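Here's the structure we're looking at; comments come further down.
The values are calculated or read from the model by the stated rules, or taken from the named source; none is laboratory data. It should be emphasised that the depicted structure is a prediction, and the values quoted were computed from it without experimental measurement. Note: ideal-geometry Cβ built from the backbone for every residue, glycine included; neighbour counts use all protein chains shown.
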Amino acid sequence: MLRNLFGRNKSKDQLKERLKLVLSYDRAKLSPGSMEELKRELLTVIKKYFPSDDGDYDVKVEQQGDRMVLVANLPVNAS
Amino acid sequence: MNAKAIVVTSGKGGVGKTTTTANVGAALARLGEKVCVIDTDVGLRNLDVVMGLEGRVVYDLIDVFEGRCKLRQAIIRDKRVDTLHLLATSQTRDKSALSEERMRETVRALLEDEGFDRVLIDSPAGIESGFQTAASAASGALVVVNPEVSSVRDADRIIGLLEAREIPEVRLIINRLRPEMVKRGDMLEVDDVLEILGVKLIGIVPEDERILISTNIGSPASLEEGGPKVAAGAAFRDIARRIRGEDVAYPSFEQPKGIFAGLRRVFGAG
């Protein structure tokens, strides 16, 4: 919050985030397009077992140490 | 670095491969090493003009490859530092004249038969056969990167290809850093680039207009000592010392951060 009060949005921070994202796709040899497709197919399967209309899904590849991992954060309706 | 044959590469063009090869090569030679710099950018020859040796090229790397001259006849000795040598490339041929096998044999002959201590191979831009041939003879690599989006992305690709070739020593040179832009938050910091690319750093070279002036006159800036300090020239000399295994501290190009940055850090820690 203080960062927002005192500093403007630094362009280099935006670049850093963009680079991390694009390099994670580059390294996984995956296009952002096929990532979207993977996400859609994954959600179809998940929804079959956990019917939910919560749209807050997050699927991404990220670097963990030396390897690339696919991280999926898919909230399921527990009620 | 233990590597005696080092490829200078970047993926992207125009980031300073040739300037780095000329300056680091000259600085290593000034430190007493017998150095040969090789231009492998067939068809786009430039290392000769950057070093001011264009008037002395008779035979080139492709002539050596194709047996039109002996290796020794193609080696040009520098006029300022007598341990510095250039092997120019052909301006009239194309990359198809390159051969990984001949490249490896030429580098072996330079190190074993001609008694060179170090060979720096200036790679062409790109990831195709020119780069692959340049990398094929190397056991170390200097990856030159500018702190901007396309250069960092291309460097990441090149680092992947160097790792695929199992080149043991891959080191990063961050070139054309602009401290005032870093201070404003409009340019990636050194730590950002290292975090993203995940390779070891061996040099930080600030943007310096005197590099252009030194290439105008064909004299590597790293050879200019005394007189007005050429920041980039000094940075290239530091890189040469680090290649030789010396522990050289990095000068701080960053100005102290402002009072608000300091406050933010204090509050942020709470």
Inspect the range B:204-221 for any residue being within 14 Å of chain A (Cβ to nearest Cβ) and surrounded by fewer than 23 Cβ atoms within 10 Å (Cβ to Cβ) and give the result as yes or no. no
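One line per residue, one yes/no per condition, for (1) touching an Asp or Glu at 6+ places or on another chain (Cβ under 8 Å); (2) in a loop (DSSP other than H, G, I, E, B); (3) surrounded by fewer than 23 Cβ atoms within 10 Å (Cβ to Cβ); (4) of a type in the set (D, E, K, R):
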site: B:25; (1), (2), (3), (4): no, no, no, no
site: B:29; (1), (2), (3), (4): yes, no, no, no
site: B:32; (1), (2), (3), (4): no, yes, yes, no
site: B:41; (1), (2), (3), (4): yes, yes, no, yes
site: B:45; (1), (2), (3), (4): yes, yes, yes, yes
site: B:59; (1), (2), (3), (4): no, yes, yes, no
site: B:68; (1), (2), (3), (4): no, yes, yes, yes
site: B:80; (1), (2), (3), (4): no, yes, yes, yes
Quick test for you: out of B:188, B:172, pick the one residue that is at negative phi, buried (at least 20 other Cβ atoms within 10 Å of the Cβ) and not in a strand (DSSP E or B). B:188
Conditions first: (1) touching a strand residue (DSSP E or B) at 6+ places or on another chain (Cβ under 6 Å); (2) at pLDDT below 95; (3) acidic (Asp, Glu). Residue B:169 passes all but one, so which condition is the exception? (2)
Take residue B:7 and decide whether it is touching a residue at least 24 places away in the same chain (Cβ under 8 Å), surrounded by 21 or more Cβ atoms within 10 Å (Cβ to Cβ) and within 19 Å of residue B:215 (Cα to Cα). no
Tell me yes or no: at least one residue of the range B:237-244 is under 14 Å from residue B:145 (Cβ atoms), at pLDDT 90 or above, surrounded by 13 or more Cβ atoms within 10 Å (Cβ to Cβ) and under 21 Å from the mean Cα position of the chain (by Cα). yes
So if I check each of B:86, B:161, B:110, B:120, which one is touching a strand residue (DSSP E or B) at 6+ places or on another chain (Cβ under 8 Å), closer than 21 Å to residue B:202 by Cα and either free of Cβ contacts under 8 Å to residues at least 12 places away in the same chain or not in a loop (DSSP other than H, G, I, E, B) (or both)? B:120
List the number of the failed condition for residue B:21; all other conditions in (1) free of Cβ contacts under 8 Å to residues at least 60 places away in the same chain; (2) closer than 19 Å to residue B:217 by Cβ hold. (1)
Residue pairs within 7 Å by beta carbon, gap of at least six or interchain, first lying in the range B:178-201 and within 11 Å of chain A (Cβ to nearest Cβ), second among the polar types (S, T, N, Q) and in a helix (DSSP H, G or I), listed first then second, are B:185/A:11; B:186/A:11
Residue B:212 vs. criteria of a type in the set (A, V, I, L, M, F, W, C), part of a loop (DSSP other than H, G, I, E, B) and farther than 26 Å from residue B:245 by Cβ: no
Members of the range B:74-109 that are closer than 17 Å to residue B:129 by Cβ and hydroxyl-bearing (Ser, Thr, Tyr): B:89, B:90, B:96, B:99, B:106
